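Visitor: Got a structure for you, written out below as structure tokens; questions coming shortly.
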Amino acid sequence: MLSFAYPWVALLLPAPLLVYWLLPAHETRRPAVRVPFFAALAQLTGAELREGAGISRRGLWRLIALVLCWLLVLAALARPQWVLPPIHQDKPARDLLLLVDLSASMDTPDFTDAAGNKVSRLVAVKQVLDDFLARRQGDRVGVAVFGNSPFALVPFTPDLDLARQLTGEMQVGMAGPRTALGDAIGLGINLFSASTVPAKTIIALTDGNDTASQVPPAEAARVAHDKGIVIHTVAVGDPAAAGEEKLDEAALKQVADVTGGGFYRALDRDQLAQIYTRLDQIEARKVDTVSFQPKVELFWLPLAGLTLLSMLAQALRLLRWPRRRAVSPSEVAR
């Protein structure tokens, strides 16, 4: 479909006529010599002699050429465009950050995989996370790991294949043997600082007590709430464990409650899978559909026509056309 970016340029169409009517004609006064045989001289040169109008060398073709050139100029200024069919694109409307505990206790083999084999907590977590990430089409996903300190493993990206690959390469102890959940939440808040999407969610997974954070998890959760971030906490492991491996369920519940998220307990792989299925339903993917219509610029077509027409007009002006001898009234009478 053809359209014009500046259709108001059509209002300039009568501008030459207004200039012709409203502005005084240009006059040049210079000395001249009276020639008694002026009519014969004009006849020999092929000029048309009209009474009261002087000599006119501008023919009808020149007027037509000028009108066409003006129309082509206006057509180029109006910026013609060919509008192509609309294209619809899904734009992520949620940033989802996974906080994964890689402390030494995540190597405890107290989970069972889908084949019935005993696996470590981290292996079970990675298997379930892979399925979870595969269903997050439309979201930007980031992954951060924590032990003694938190580290960003995957920045926010819509490339879920990359997130799944790097998540599958996580190893126990790569961030230190201890647990720093509060600092990990603080890192997540910093990662969200550059996010412009309306929905921000953190899913924190840990199997131990926070003993290494400089900022308590509850304080970090209050800051996250002020930033509009929802935190879901998932407790993995044995609630009866003691020491570093002891689960501080009260702290995890408080983090979730402060931010409006949920607290979940996973004692085996099946419960962990059900938790992520539930989270997938609660945090349904959010997508903003952006529609736009590509446009092909066509202003060069009238410009090309204007160039060719003006060159042709100038070439015709330089040509010497054969002139017909004027016939006098006396010769017609004969």
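Visitor: Under the classification rounded if a/c is under 1.5, otherwise prolate if a/b is larger than b/c and oblate if not, where does the range 148-238 fall, given a ≥ b ≥ c as square roots of the Cα gyration tensor eigenvalues?
Guide: Since a/c reaches 1.5 but b/c is at least a/b, the shape of the range 148-238 is classed as oblate.
Visitor: What are the residues whose amide H is under 5 Å from the amide H of Thr157, where those residues sit 5 or more places off or on another chain and H is modelled from the backbone?
Guide: Here the answer is Val141, Gly142, since their amide H atoms fall under 5 Å of that of Thr157.
No value in this document is a laboratory result; all are computed from the given coordinates. On a predicted model such as this, the values are computed, not experimentally measured, just so you know.
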